[in-house]
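Undergrad: For reference, the structure I am asking about is given below.
The values are calculated or read from the model by the stated rules, or taken from the named source; none is laboratory data. Just so you know, these numbers come straight off a predicted model, no measurement behind them. Note that we place each Cβ from the backbone using ideal geometry, even for glycine, and neighbour counts take in every protein chain shown. Accessible surface areas use protein heavy atoms only, side chains included; no ligands, DNA or RNA. Shrake-Rupley method; radii C 1.70, N 1.55, O 1.52, S 1.80 Å.
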Amino acid sequence: MGKDVIVACDFSSAADVYAFLDKFTGRKPFVKIGMELFYAEGPQIVKDIKARGHKIFLDLKLHDIPNTVKKSMAVLSRLDVDMTNLHAAGTISMMEAALEGLTRPDGSRPMLIAVTQLTSTDQERMENDLLIKEPIDKVVMHYASNAAKAGLDGVVCSPLEAGKVHDTCGKDFVTVTPGVRFADGDIGDQKRVMTPAEAKKIGSDYIVVGRPITAAEDPVAAYERCVAEFVD
Ligand code: C5P
């Protein structure tokens, strides 16, 4: 499994995303399409970006009853995405159903990654809103091992957690880590950040990078810098 930089294309229209992607005339980045763009433009945007030669992480974070998730995953799989995700909070049986739905008739399937606890959920909210009284680190690792038990490929986590996830779930269990910033860059609203080089050192398998690339004066140069620090 290759290390790669995934560019979070958090745009709200096809026009904006194409204006951005048109700048990449050489290497085609692995692209993350989230809810904003998917809900604005529908499944066609996924097909069109795929047809331009990009790998796609479809970040829709499914969470529903197992049967609904299974059927929805079958639809997403037919869009020929390379990676997609769900909430581990949906339980092991939901994750198993998702894998079943995602598997194509020829046995191939996109990678399936679980979200553990969102980084917007802190200890206090987890205890008070969700009535989960365990320490958040323990909850994150428990959800990650549930994902591994269900047969998923990995989790989305902070780069700071990537090492521990590998210790708990095995080195082949994939860690996809947002919260990446250049050493000389603006951290924006991300609280716990790492540089691409640090993320590589700690063992992240994929970094998800948005604004340091999308808002850069020269997005292609920023992307190439990420690749140079993280992959090469
Ligand atoms: O612009 P930035 O690099 O902060 O973008 C990070 C991307 O990763 C965004 O699409 C954001 O929604 C996503 N993400 C995150 N933290 C998580 C999960 C996903 O920043 N815990």
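Undergrad: How much of HIS63 can a 1.4 Å solvent probe reach, expressed as accessible area in Å² and rounded to 10?
TA: We get 100 Å² for HIS63.
Undergrad: Give the lysines whose C-alpha is closer than 19 Å to that of LYS3, dropping any in the same chain fewer than 8 places away, or say none.
TA: Counting by Cα, and skipping residues close in sequence, LYS3 has these lysines nearby: LYS28, LYS32, LYS55, LYS164, LYS171, LYS200, LYS201.
Undergrad: Return the long-range amide H neighbours of PHE24 (sequence gap of 5 or more, or a different chain), with a cut-off of under 5 Å between placed amide H atoms.
TA: Amide H neighbours of PHE24, under 5 Å, 5+ apart: none.
Undergrad: Order ARG104, ARG27, ARG52, most accessible first, counting only protein heavy atoms with a 1.4 angstrom probe.
TA: ARG27, ARG52, ARG104
Undergrad: In what order, largest first, do TYR143, TYR206, TYR39 sit by accessible area if the probe radius is 1.4 Å?
TA: TYR39, TYR143, TYR206
Undergrad: Separate question: Heads up, I need the accessible area for LEU99: 1.4 angstrom probe, whole protein in place, Å², nearest 10.
TA: 20
Undergrad: Next up: In whole angstrom, note down how far apart the Cα centers of segment 135-181 and segment 76-98 are.
TA: Spelled out, the Cα-based centre of one part sits 16 Å from the other.
Undergrad: Sticking with this one: What do you reckon, how do GLU127, GLU36 stack up by accessible area (1.4 Å probe), largest on top?
TA: Result, largest first: GLU36, GLU127.
Undergrad: From the Cα gyration tensor of segment 129-221, with a ≥ b ≥ c the square roots of its eigenvalues, which class applies: rounded if a/c is under 1.5, or else prolate if a/b is larger than b/c, or else oblate?
TA: prolate
Undergrad: State to the nearest 20 debye the size of the charge dipole of segment 1-108 about its Cα centre, where the only charges are +1 on K and R beta carbons and -1 on D and E beta carbons.
TA: 300
Undergrad: Summing +1 for each Lys or Arg and -1 for each Asp or Glu, what net charge is found among the other residues whose Cβ lies under 13 Å from the Cβ of GLY151?
TA: Net of charged neighbours comes to -2.
Undergrad: Nearest 500 deg cm²/dmol is fine: what mean residue ellipticity at 222 nm does the chain get from its DSSP H runs of n ≥ 4 alone, each adding -39,500 (n - 2.57), divided by its residue count?
TA: -13000 deg cm²/dmol
Undergrad: While we're on this one: From zero up to wherever the largest Cα-Cα distance of the chain sits, split into 10 Å bins and tell me the percent of pairs in each.
TA: Per 10 Å bin, starting at 0, the Cα pair percentages come out as 8, 32, 38, 20, 2, 0.
Undergrad: Can you give the accessible area of ILE65 in Å² (nearest 10), computed on protein heavy atoms with a 1.4 Å probe?
TA: ILE65 exposes around 100 Å² with every protein chain in place.
Undergrad: Could you give me D for segment 158-201, from Stokes-Einstein at 20 °C and 1.002 mPa s, where the hydrodynamic radius is the Kirkwood radius over C-alpha pairs? Units µm² s⁻¹, please.
TA: Answer from the Stokes-Einstein relation: 194 µm²/s.
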